[in-house]
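A quick write-up on the structure given underneath.
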Amino acid sequence: QVQLVESGGGLVQAGESLRLSCAVSGSFFRRNVMGWYRQAPGKQRELVATITPGITTNYADSVKGRFTISRDNVKNMVYLEMNSLKAEEKAVYYCNAQERGVNYWGKGTQVTVST
């Protein structure tokens with residue numbers, strides 16, 4: 001019912017920035033809570049940021065002040081701007097949508113941070 005496609009991942013050096021995008025299908029995008037999660041090798045998937053239909057945002061403590069989540073309800077897009085990336089933030093980043101109590105996930109986009 002809901003499909004998510006991430007893009008924008010790539011290779012950056014520590015201290016550089018990257019912007020991720022998520023294209024969302026479906027006509028109920030405006031009602032969805034959207035989020036970004038990440039999973040590093042050998043680690044559990046963790047919350048990075050969320051944004052509600054009312055544009056309330058929440059961030060993991062580790063990224064607060066450096067990352068910004070936003071959404072475009074006309075284009076059905078959600079973004080994650082990541083500044084001052086750290087080596088330990090190398091991970092697959094996943095776009096998430098919560099619609100009517102159900103979680104939907106994209107396939108993820110790889111972010112590699114070199115030192």
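Name the one entry in ALA97, ALA91 that is open to solvent by less than 60 Å² (accessible area, probe 1.4 Å), more than 11 Å from the chain's Cα centre (by Cα) and among the small types (Gly, Ala, Ser).
Details: ALA97 fails: more than 11 Å from the chain's Cα centre (by Cα).
The unique qualifying residue is ALA91.
Looking only at segment 65-73, decide whether some residue is of a type in the set (A, V, I, L, M, F, W, C) and exposed (fewer than 14 other Cβ atoms within 10 Å of the Cβ).
Keep residues of segment 65-73 that are of a type in the set (A, V, I, L, M, F, W, C), which gives 67, 69.
Those still in the list that are exposed (fewer than 14 other Cβ atoms within 10 Å of the Cβ) too: none.
Taking every residue of segment 65-73 in turn, none turns out to be of a type in the set (A, V, I, L, M, F, W, C) and exposed (fewer than 14 other Cβ atoms within 10 Å of the Cβ).
Put simply, of SER114, SER70, SER84 the only residue that is free of Cβ contacts under 8 Å to residues at least 40 places away in the same chain and closer than 21 Å to VAL12 by Cβ is SER70.
Scanning segment 74-88 for residues that are part of a strand (DSSP E or B) and either crowded, with 19+ Cβ neighbours inside 10 Å or not hydrophobic (A, V, I, L, M, F, W, C) (or both) turns up VAL78, TYR79, LEU80, GLU81, MET82. Report yes if some residue within segment 8-29 is closer than 13 Å to TRP105 by Cα, in a loop (DSSP other than H, G, I, E, B), in contact (Cβ under 8 Å) with a residue 40 or more places away in the chain and in contact with an Asp or Glu (Cβ under 9 Å, 6 or more places away or on another chain); otherwise report no. No. For the structure I just gave you, tell me whether GLY106 is in contact (Cβ under 8 Å) with a residue 40 or more places away in the chain and either within 10 Å of CYS22 (Cα to Cα) or surrounded by fewer than 16 Cβ atoms within 10 Å (Cβ to Cβ) (or both). Here the answer is yes, as GLY106 does meet what is asked. Summed over segment 1-31, residues that are at pLDDT below 95 and open to solvent by less than 50 Å² (accessible area, probe 1.4 Å) total 4.
Going by the structure shown, is GLN98 touching a residue at least 12 places away in the same chain (Cβ under 8 Å) and in contact with a Gly (Cβ under 8 Å, 6 or more places away or on another chain)? Spell out how you get there, then give the answer.
Numbers: touching a residue at least 12 places away in the same chain (Cβ under 8 Å): yes; in contact with a Gly (Cβ under 8 Å, 6 or more places away or on another chain): yes.
Considered against the rule, which asks whether it is touching a residue at least 12 places away in the same chain (Cβ under 8 Å) and in contact with a Gly (Cβ under 8 Å, 6 or more places away or on another chain), GLN98 comes out as yes.
Taking segment 30-50 as the range and being outside any loop (DSSP other than H, G, I, E, B) and in contact with a Phe, Trp or Tyr (Cβ under 9 Å, 6 or more places away or on another chain) as the test, the residues that pass are GLY35, TRP36, TYR37, ARG38, GLN39, GLU46, LEU47, VAL48, ALA49, THR50. Within the group ASN83, ASN76, ASN58, which residue is at pLDDT 95 or above and touching a helix residue (DSSP H, G or I) at 6+ places or on another chain (Cβ under 7 Å)? Sole residue among the options that is at pLDDT 95 or above and touching a helix residue (DSSP H, G or I) at 6+ places or on another chain (Cβ under 7 Å): ASN76.
The values are calculated or read from the model by the stated rules, or taken from the named source; none is laboratory data. Just so it is clear, the structure is predicted and the values come from calculations on it, not from any experiment. So basically every Cβ, Gly included, is an ideal-geometry build from the backbone, and we count neighbours across all protein chains shown. Please note that ligands, DNA and RNA were not included when accessible areas were found on the heavy atoms of the full protein model with its side chains. Shrake-Rupley method; radii C 1.70, N 1.55, O 1.52, S 1.80 Å.
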